[in-house]
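All remarks here apply to the structure that follows.
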Amino acid sequence: MNISVYLKSQSKKVEKALDGFLPKATDYPPRLHQAMRYAVMSGGKRIRPILALAACEAVGGDAKDVMPAACALELIHNYSLVHDDLPCMDDDNLRRGRPTCHKKFDEETAVLAGDALLTHAFKILASVNGTDINSQTVTRRLDALRMIAEAVGAQGMVGGQAVDIEFQEKELDLPTIEYINTHKSGALIAVSTRIGAYLGGGTSSQVRSIFEYGKTLGLLFQIVDDIIDQEGYATLIGVSEAKRQAQTLLLGAKEKLRPLGSKAAALDSIADFVLTRRY
């Protein structure tokens, strides 16, 4: 598989869907909606929604059943970036080569845009077309809501961010940095794969295998980031050891996909991409 071609193709599909799910920039109040669209439609690799779609593909599902959740996951990811960039958090001026949301607009608008993206994501997740309403669909949507809420709330992404902030002035140890990495960034990546397999109609064993792959991939993703940025794992255990652990995680992620055979080719290639994307 040519992973570059695959990612570009899937990204275009996701961006077209995102454009439809987001409020129009002219909708009242326009400044808020402009900020929401600015945050989401300003680039990015769309890895999380693409993982959801690839997981759906791996279980033989239909992408249309997963695309709304995939887009919701991307809105949640971008809400977290908007808030992370704020002066009270990471205080970043640039994101993807452009002014961050609070620099383009203002801090108050950025906070509200992040809030709106998060709540809009759950609106998308809770929406069911009238022709599709049945007990199984409703149950699956409720399950998906719960899974995602758990992944991004106090026991997931937000909890990881809280611990990260707490330890900015403390000396990090390995268990703490593993907690931060598996929660702050890893949890959303992992649930993306889980949701794709689940809403794609995967069996319990298929969903479990793909979710385990996602958890391993989430940690791999962050270790690679730490190597690139020369922080976290790279400073705690050294670049060479961090690269060795990344390679081990890659093999572990691929092993989780083995029961799915060739249908998981996209997930397998995405793992390779995550390892080699910038170093």
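Quick note: the coordinates plus some simple rules give every number you see, no bench work behind them. What you see is a predicted model; the values in this text were computed from it and never measured. Virtual Cβ from ideal backbone geometry, glycine too; neighbours counted across all protein chains shown.
Listed highest first by mean packing, meaning other Cβ atoms within 10 Å per residue, what order do 67-77, 101-111 come in? Display every interim value, and only then the final one.
Details: 67-77: 26.5, 101-111: 17.9.
Going from most to least packed, we get 67-77, 101-111.
Between Asp115 and Asn93, what FRET efficiency comes out of the Förster formula 1/(1 + (r/R0)^6) with R0 = 30 Å and r the beta carbon distance, rounded to 0.05? Present the calculation step by step, with values, prior to reporting the outcome.
Details: r = 21 Å, r/R0 = 0.71.
Efficiency computed from Cβ-Cβ geometry: 0.90.
What residue among Gly238, Gly201, Leu172 has its Cα farthest toward the positive end of the dipole of region 3-276, where the charges are +1 on Lys, Arg and -1 on Asp, Glu, each on the Cβ?
So the residue furthest toward the plus end is Gly201.
How high is the relative contact order of region 23-110? Use alpha-carbon pairs under 8 Å, at least six apart in sequence, and give a whole percent.
27 percent
Mind jotting down the distance between the C-alpha centroids of region 148-196 and region 1-74, whole Å?
One Cα centre to the other: 23 Å.
Run the reach check for Lys254 against lysines, Cα to Cα strictly under 24 Å, same-chain hits fewer than 8 apart removed. What comes back?
Reachable lysines: Lys8, Lys45, Lys184, Lys215, Lys243, Lys263.
On full extension of the chain, what length is gained from Gln247 through Tyr28, given 0.36 nm per residue of separation minus the C-alpha to C-alpha distance?
That works out to 73.9 nm of additional length.
By how many nm would the segment from Ser204 to Val158 lengthen if fully extended, with 0.36 nm per residue of separation less the alpha-carbon distance? Display every interim value, and only then the final one.
Values: separation 46, 0.36 × 46 = 16.56 nm, distance 2.74 nm.
Result: 13.8 nm gained on full extension.
Length gain on complete extension for the stretch Lys104 to Ala149, per 0.36 nm per residue less the alpha carbon to alpha carbon distance?
Difference between extended and current length: 13.3 nm.
Within the set of other residues whose C-beta is less than 13 Å from the C-beta of Leu112, count the net charge using Lys and Arg as +1 and Asp and Glu as -1. Numbers along the way, then the final one.
Values: positive: Arg31; negative: Asp106, Glu107, Glu108, Asp115.
Net local charge, Leu112 excluded: -3.
When a/c is below 1.5 the answer is rounded, else prolate if a/b is larger than b/c, else oblate, so apply that to region 3-276 with a ≥ b ≥ c taken from the square roots of the Cα gyration tensor eigenvalues.
Working: a/c = 1.65, a/b = 1.02, b/c = 1.62.
Cα axes put region 3-276 in the oblate bin.
Helix-only mean residue ellipticity at 222 nm, the chain, DSSP H runs n ≥ 4 weighted -39,500 (n - 2.57), per residue, nearest 500. What is it? Kindly include the intermediate steps, with their values, before the conclusion.
Values: 14 runs with 194 residues, N = 279.
The helix contribution divided over the chain gives -22500 deg cm²/dmol.
Spin-label point model (7 Å from Cα, Cβ direction): what's the Arg258 to Ile228 distance in nm?
Distance between the two pseudo-spin positions: 3.0 nm.
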